[in-house]
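Data block below; observations after.
The values are calculated or read from the model by the stated rules, or taken from the named source; none is laboratory data. The structure displayed is predicted, hence computed values, not measured ones. Ideal geometry is used to build each Cβ from the backbone, glycine not excepted, and the neighbour counts take in all protein chains shown. To get the accessible areas, we keep the full protein, side chains included, count just its heavy atoms, and leave off ligands, DNA and RNA. Shrake-Rupley method; radii C 1.70, N 1.55, O 1.52, S 1.80 Å.
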Amino acid sequence: MTVTGADIVELDRIAVREAVRVVDLAGDADWGRDTPCAGWTLRRLVAHMAAQHHGFAAAARGAGQEAERRREPADMDDPAGAHRAAAADVLGAFGEPGVEQREFVLPELGGSFPGRIAVGFHFVDYVVHAWDVAAALGAAVELPDEVLGAALAVARRVPTDPARRGPGFAFAPVVRGPEGAGPLEETLRLLGRTPEVWTKRD
């Protein structure tokens, strides 16, 4: 699930920074908004994002098996601040020398993975989660073509077996759409999103 020839750490950094930007757009009245993640408010989605960042940072540093490193923050009075701190944690961990060659233990994904593949998992998640947040807020994500193309390349490698999609799994079932969709829309559909439902909202 790697992106051939791409600097996956740099691509991930761009996606994470965009996720930080869109989370920071939220005001006090926005945290109860619905999101494309079924049943999750924006506050809950951002808590999940913070937990993921800390969990991947721990995995990069050899502590991925420690469950407490993957828990959602107990204090979500300032969701954007909690997310910002978590994003700094994962970017710092991924920026350490040799991270792509390390073994990441990721229990929620079923085991251990080479660093380059693990960073790829995180990368495509944060392209999608940046969109999730932006969609909930009626905003747009701002990601360069190279990032969107690389995210699509990763998304196309995610198993589509219905037995491994849906509640309890990382992604919802694939959503079919029109031919010729752009790379972001195709990525979203491959990972279980229905973009047109959210583009019609304010």
**Message:** Looking for something closer than 17 Å to residue 15 by Cα and assigned to a helix (DSSP H, G or I) - is there at least one such residue anywhere in region 105-115?
**Reply:** no
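Of the residues in region 176-199, how many are surrounded by 18 or more Cβ atoms within 10 Å (Cβ to Cβ) and either touching a residue at least 40 places away in the same chain (Cβ under 8 Å) or of a type in the set (S, T, N, Q) (or both)? Spell out the reasoning first.
Going residue by residue through region 176-199, those that are surrounded by 18 or more Cβ atoms within 10 Å (Cβ to Cβ) are 183-193, 195, 198.
Then drop every residue that is not either touching a residue at least 40 places away in the same chain (Cβ under 8 Å) or of a type in the set (S, T, N, Q) (or both), which leaves 184, 187-188, 191, 193, 195, 198.
Looking only at that region, the number is 7.
Is it fair to say residue 44 is open to solvent by 20 Å² or more (accessible area, probe 1.4 Å), farther than 16 Å from residue 108 by Cβ and touching a residue at least 40 places away in the same chain (Cβ under 8 Å)? Can you show your working first?
Values: open to solvent by 20 Å² or more (accessible area, probe 1.4 Å): yes; farther than 16 Å from residue 108 by Cβ: yes; touching a residue at least 40 places away in the same chain (Cβ under 8 Å): no.
When the stated conditions are applied, residue 44 does not pass them.
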**Message:** Given the criteria more than 27 Å from residue 198 (Cβ to Cβ), loosely packed, with under 15 Cβ neighbours inside 10 Å, more than 15 Å from the chain's Cα centre (by Cα) and acidic (Asp, Glu), does residue 100 qualify?
**Reply:** no
**Request:** Run down 127, 141, 90, 133 and say which single residue is in contact with a helix residue (DSSP H, G or I) (Cβ under 9 Å, 6 or more places away or on another chain), at pLDDT 95 or above and not in a helix (DSSP H, G or I).
**Result:** 141
**Request:** Please give the number of the condition residue 112 fails out of (1) within 16 Å of the chain's Cα centre (by Cα); (2) under 16 Å from residue 52 (Cα atoms); (3) open to solvent by 10 Å² or more (accessible area, probe 1.4 Å).
**Result:** (1)
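Can you tell me which residues in region 25-83 are of a type in the set (Gly, Ala, Ser) and part of a loop (DSSP other than H, G, I, E, B)?
26, 27, 32, 38, 39, 62, 63, 64, 74
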**Message:** Looking at the structure I just gave you, is residue 63 at pLDDT 95 or above, more than 15 Å from the chain's Cα centre (by Cα) and farther than 18 Å from residue 8 by Cα?
**Reply:** no
